[in-house]
Amino acid sequence: MLEFFNYRTIWEYMPLFEEGLRNTFLISIVSLFLALIVGVLACAARLSNWRGLRAVSIAYIESIRSTPLLVQIYFLYFGLPTLGIRIPEIQTGILALMFNSGAYIAEIVRAGITSVPNGQIEAGISSGLSYFQRMRFIILPQAVGVTVPPLLGQAITLVKDSALLSMISVVELTRSGQILTSERFMPAEAFFTVALLYLVIYFFLKYLSGWSQKKLIFRET
Amino acid sequence: MTVLISGASLFLGTILGFLLGMVRSRKNRLVNPLIGFFVDVMRGTPFIVQVFIVFFILPEFGVELEAFTAAVLAMTIMGSAFICEIVTAGILAVPKGQWEASSSSGLNILQQLRLVIMPQAMKTILPPLVGQYVLLIKDSSVVSAIGVVELTRVGWLTVVRIPEGLMVFSLVAALYFAISYPLIRISNSLERKLTVNRVSL
Amino acid sequence: MIRFQNVNKWFGSLHVLNDINLQVSAGEVVVVCGPSGSGKSTLLRCINRLERIQKGKLFVDGMPVHDSTINLTKLRAEIGFVFQQFHLYPHLNVLENVTLAPIHVRGMKKKEAEELAMEKLERVGLADKATAHPEQLSGGQQQRVAIARGLAMSPKILLFDEPTSALDPEMIGEVLSVMVKLAEEGMTMCVVTHEMGFARQVAHRVIFMDEGKIIETGKPDQFFDNPHSDRAALFISKILKH
């Protein structure tokens, strides 16, 4: 099979792949950053004592988790203009990824916070620490460690999810493969290259995740 | 159509995934790296790229596929990789002593798996498995990219004619929600129910 | 020092504390025993208000614990609590575990708190482990650190909730001997435990609970050798078999 491979074409289209890869990076990093903010806020709302806030947060998280990302992307892509909001496709895409990952991150953060055993919180209460002191000195230092590996997992998901932005013609990695396919009809060259590049990112993040798992998680023995 | 594609590939993916998972849990030195690599490739590349590879590239090798068949094939393969992971984790969560005890009483490997190991592993497997089904159903929206007329594609086709993006895709989303949300609830309640009998510290 | 007056508490329909009346004076060591589910842990947890009582009155060093306006920080600073499962903070080393509350609740300077902590660690015989992390310690050592953590706030009362039940047999002795030393120094202690040897050696009183009620109170020797109630006799015969 490899002798059928037209490496010249791949080489020729390198600038296109480069642009795609750059955009995939850009989109993923920006969305991840924004999603972290959304996620932490949503989680705080979810754990708050105010019932209204909690309900809004749960509704947000559950509706995101129960619907496909592609539908969410289309919802914004076709929906925003009907509201009179016109922004470039790439921003629509980042917005969709932000809301999507934000919901999953909210759950990851919540799991991290609730992973700290109850007894330690009681120990903190017993020595007279206030709610904020318990948060700061007992819960958060441990929760941060617990959340890093699944957050990296979410980063992997996010990189892959950004491929769906090709459906609203954002030129990221997958779209560059589509362009090559439609211009030269060389789908094998196009999509194997694309897949390989995604795999490189994946293995890097996976390695990071395994490392952080060993380094950052404290266990009560 | 969404239900049909999801149903078919969930069924096939589950069978394949369980087979792979059981083989992998035996820790064979030759087979395991292969399965591991397969799982990594499936987890490391976007589903849409996998769909394109199946749909555009298989024909180059003389395998002509209808869009529907290609969609089911792609979803089955991907699903089996994720399910394989879940099954392996579930089997490895069964204490080693159970293998030793059951082989001491003279059961062969298949009997061990069927009578002793799997019934216990199912407790760990079931909640994430149902969660995985939700992900697969949602992923089925992606096969609209190769023109399979499923729920998302219907939305897309509608919105091209009636430019009411918010309404159309709210409706599409609501339909997915109606399928997914109950499954998520089931997964959550299974998780709660099946972890009760774990030692509480 | 501690006074329960007609205290009641329910978990749903379960009556966990049924009309408890009990007084513990300063310097007294009280052992609470009884079958599991008898409410003895709950009794202890009410004293520093990890659990709230629903009816009756409870005073600790003159402070009304049943009153919701009470200063909880002040109450808890006077009470050290030792858990069955130790619950050391795994992300902090031994010294940091002990100094956390003195620094952040008492507002001590770090250095001052560390000196205090070293003194407490000395008392439980673990001064040399100050920089170790909890995971590097045996269960017995972890529990001794937990006791030092409880002592760090210089409490007037120490509460122990089955402090040796999670330990391997060979480690029970080291924890008990620390507790004996504390008792002999005149600390007010309430201890939920089935360790009869400990009870006979230092307890002033043994309280036997069942189904949320205090069934029997007595001197340790009298209680273990000659219980008044059938339920206590049955219970003692069961723990003796072990």
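Scan the range A:138-162 for residues that are at the interface with chain C (Cβ under 7 Å from one of its Cβ atoms) and either open to solvent by 30 Å² or more (accessible area, probe 1.4 Å) or under 30 Å from B:GLN132 (Cβ atoms) (or both) and report the count. Count: 2.
Outside any helix (DSSP H, G or I) and under 30 Å from B:PRO59 (Cβ atoms) - does that describe any residue in the range B:150-164?
Initially, the range B:150-164 is screened for residues outside any helix (DSSP H, G or I), giving B:150, B:162-164.
Now restrict to residues that are under 30 Å from B:PRO59 (Cβ atoms): B:150.
Yes, the conditions are met somewhere in the range B:150-164.
Condition test on A:ARG110, is it within 14 Å of chain B (Cβ to nearest Cβ), more than 13 Å from the chain's Cα centre (by Cα) and part of a helix (DSSP H, G or I)? Judged against the criteria, A:ARG110 is a match.
The residues on offer are C:SER165, C:SER177, and the sole one that is out of contact with any Lys or Arg (no Cβ under 9 Å at 6 or more places or on another chain), closer than 22 Å to C:LEU43 by Cβ and either outside any strand (DSSP E or B) or without any contact (Cβ under 8 Å) to a residue 24 or more places away in the chain (or both) is C:SER165. Looking for whichever is open to solvent by 40 Å² or more (accessible area, probe 1.4 Å) and outside any helix (DSSP H, G or I) here; the options are B:VAL63, B:VAL23. Which one fits? Criteria check complete, one pass: B:VAL63.
Annotation for the range B:114-136: at least one member residue is over 30 Å from B:PHE56 (Cβ atoms), among the polar types (S, T, N, Q) and in a helix (DSSP H, G or I). Count of the range B:4-14 residues, restricted to those that are hydrophobic (A, V, I, L, M, F, W, C), away from chain A (no Cβ under 14 Å) and in contact (Cβ under 8 Å) with a residue 40 or more places away in the chain, is 3. Going by the conditions given, is A:ALA106 within 30 Å of C:ILE103 (Cβ to Cβ) and touching a Gly at 6+ places or on another chain (Cβ under 7 Å)? In short, no. For A:PHE191, the criteria (1) farther than 21 Å from B:PHE38 by Cα; (2) at pLDDT below 85; (3) facing another protein chain (nearest Cβ under 8 Å) hold in every case but one, which is (1). Looking at the range C:147-205, which of its residues are at negative phi and of a type in the set (Gly, Ala, Ser)? Correct list: C:ALA148, C:GLY150, C:ALA152, C:SER165, C:ALA166, C:GLY173, C:SER177, C:ALA183, C:GLY197, C:ALA199, C:ALA203. Can you name every residue in the range A:38-68 that is of a type outside the set (S, T, N, Q), open to solvent by 20 Å² or more (accessible area, probe 1.4 Å) and facing another protein chain (nearest Cβ under 7 Å)? Once the filter is applied, which keeps residues that are of a type outside the set (S, T, N, Q), open to solvent by 20 Å² or more (accessible area, probe 1.4 Å) and facing another protein chain (nearest Cβ under 7 Å), the range A:38-68 yields A:GLU62, A:ARG65. If you go through the range B:66-95 and keep only what is in a loop (DSSP other than H, G, I, E, B), open to solvent by 40 Å² or more (accessible area, probe 1.4 Å) and either in contact (Cβ under 8 Å) with a residue 24 or more places away in the chain or on the phi > 0 side of the Ramachandran plot (or both), you end up with just B:ALA93. Return yes when C:ARG144 is charged (D, E, K, R), within 17 Å of the chain's Cα centre (by Cα) and within 12 Å of another protein chain (Cβ to nearest Cβ) and no when it is not. Here the answer is no, as C:ARG144 does not meet what is asked. Checked against (1) within 11 Å of chain A (Cβ to nearest Cβ); (2) in a loop (DSSP other than H, G, I, E, B); (3) open to solvent by 10 Å² or more (accessible area, probe 1.4 Å), C:GLU135 passes all but condition (2). Under the condition of being buried (at least 22 other Cβ atoms within 10 Å of the Cβ) and either closer than 22 Å to C:ASP128 by Cβ or away from chain A (no Cβ under 13 Å) (or both), the residues counted in the range C:98-112 number 4.
Quick one: which of B:ALA145, B:ALA174 is part of a helix (DSSP H, G or I), among the aliphatic types (A, V, I, L, M) and within 7 Å of chain A (Cβ to nearest Cβ)?
Being part of a helix (DSSP H, G or I), among the aliphatic types (A, V, I, L, M) and within 7 Å of chain A (Cβ to nearest Cβ) holds for just one of B:ALA145, B:ALA174, which is B:ALA145.
Summed over the range A:8-37, residues that are open to solvent by 90 Å² or more (accessible area, probe 1.4 Å) and acidic (Asp, Glu) total 2. Among the residues making up the range B:140-194, those that are β-branched (Val, Ile, Thr) and closer than 26 Å to B:PHE11 by Cα are B:VAL142, B:VAL143, B:ILE146, B:VAL148, B:VAL149, B:THR152, B:VAL154, B:VAL172, B:ILE179, B:ILE184, B:ILE186. Restricting attention to the range B:26-58, the residues that are facing chain A (nearest Cβ under 9 Å) and either of a type in the set (Ser, Thr, Tyr) or not in a loop (DSSP other than H, G, I, E, B) (or both) add up to 14. Comparison of B:VAL130, B:VAL154 shows that the only residue that is over 21 Å from the mean Cα position of the chain (by Cα), surrounded by 15 or more Cβ atoms within 10 Å (Cβ to Cβ) and more than 10 Å from chain A (Cβ to nearest Cβ) is B:VAL154.
Residue count for the range C:71-84 satisfying the condition of being facing chain A (nearest Cβ under 7 Å) and modelled with pLDDT under 90: 3.
Taking the criterion of being outside any helix (DSSP H, G or I) and surrounded by fewer than 16 Cβ atoms within 10 Å (Cβ to Cβ), the residues of the range C:117-131 that qualify are C:GLY125, C:THR131. Filtering the range C:207-242 to residues that are acidic (Asp, Glu), open to solvent by less than 100 Å² (accessible area, probe 1.4 Å) and closer than 26 Å to C:LYS9 by Cβ leaves C:ASP210, C:GLU216.
The values are calculated or read from the model by the stated rules, or taken from the named source; none is laboratory data. All values derive from a computational prediction rather than experimental measurement. No Cβ is skipped: glycine too gets one built from the backbone with ideal geometry, and neighbour counts run over all protein chains shown. For accessibility, only protein heavy atoms count, side chains too; no ligands or nucleic acids. Shrake-Rupley method; radii C 1.70, N 1.55, O 1.52, S 1.80 Å.
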